[in-house]
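The values are calculated or read from the model by the stated rules, or taken from the named source; none is laboratory data. For clarity, every value in this text was computed on a predicted model and none was experimentally measured. With ideal geometry, Cβ positions are generated from the backbone for all residues, glycine too; neighbour counts draw on all protein chains shown. Ligands, DNA and RNA are excluded from the accessible area calculation, which covers all protein heavy atoms including side chains. Shrake-Rupley method; radii C 1.70, N 1.55, O 1.52, S 1.80 Å.
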Amino acid sequence: MTRLGILISGRGSNLGAIADQVAAGHITAEIAVVIANRPEAPGLEAALRRGLNAVCLPSKGLDREVYDRMLLAELEKHAVDLVCLAGYMRLLSAGFIRKFPNRILNIHPSLLPAFPGLDAQHQALDHGVKLTGCTVHFVDEQLDAGPIILQAAVPVQDDDTVETLSTRILHEEHRIYPEAIRLVLSGGYRIEGRRVIGK
Ligand code: GRF
């Protein structure tokens, strides 16, 4: 069975959505380890309460390459095959990414390539788009830029605030992240250039 390693920095609601689907048998994989890079991440507590194998590897003050070697060692210790970034707020080094070619997924709260980076929902409101959403993509060496696996659109309403828009986007995140993991686990796709195409 595929062994997932889930990296978090904060709340961990996407981790929760994935864990629910694993527990229900809708994702045929095992969560081998959850790693938080911040000791105060609420998602860490939540993962432990669920009985998941969750650890904190604090990244504060550590050089990216040094930290990523620690991260890699922890993932290798748990024989992780697929890495899922779930609100992991730290760039990964090229060396780390090369260790998991097309085996790292990320979720981003916009319709990429629009609004990469921080505060994507705020960027969308500021720009005045009428439609935004979320994207699950493979991670490559550019920020929020790898081949797109799934997207969901969310209309922007006139009275939206960052909070209300983020809540509606998050609802879709919790739906498409598990779905994207299922697709990747099934192997029912091929990557042609930037395109992820169903087999
Ligand atoms: C989500 O909006 C995700 O798209 C972004 O960070 C947020 C994480 O939320 N990358 P959570 O920690 O999964 O609740």
Restrict the check to segment 86-98 and report whether at least one residue is within 11 Å of the ligand (Cβ to nearest atom), touching a His at 6+ places or on another chain (Cβ under 9 Å), within 24 Å of V55 (Cα to Cα) and of a type in the set (A, V, I, L, M).
-> no
Checked segment 150-167 for anything more than 13 Å from the ligand (Cβ to nearest atom) and of a type in the set (D, E, K, R); matches are D158, D159, D160
Matching helices (runs of 4 or more DSSP H) fully within segment 1-107 where at least 1 residues are closer than 18 Å to D140 by Cα | 64-77, 94-99
State whether the residues of segment 123-137 include one that is of a type in the set (G, A, S) and surrounded by fewer than 16 Cβ atoms within 10 Å (Cβ to Cβ).
-> yes
Which of the residues that make up segment 1-15 are within 9 Å of the ligand (Cβ to nearest atom) and either hydrophobic (A, V, I, L, M, F, W, C) or open to solvent by 10 Å² or more (accessible area, probe 1.4 Å) (or both)?
-> I8, G10, R11, G12, S13, N14, L15
Of the conditions (1) open to solvent by 20 Å² or more (accessible area, probe 1.4 Å); (2) hydrophobic (A, V, I, L, M, F, W, C); (3) in contact with a Cys (Cβ under 9 Å, 6 or more places away or on another chain), A36 fails just one. Which one is it?
-> (1)
On the given criteria, is L183 closer than 18 Å to S9 by Cβ and open to solvent by 40 Å² or more (accessible area, probe 1.4 Å)?
-> no
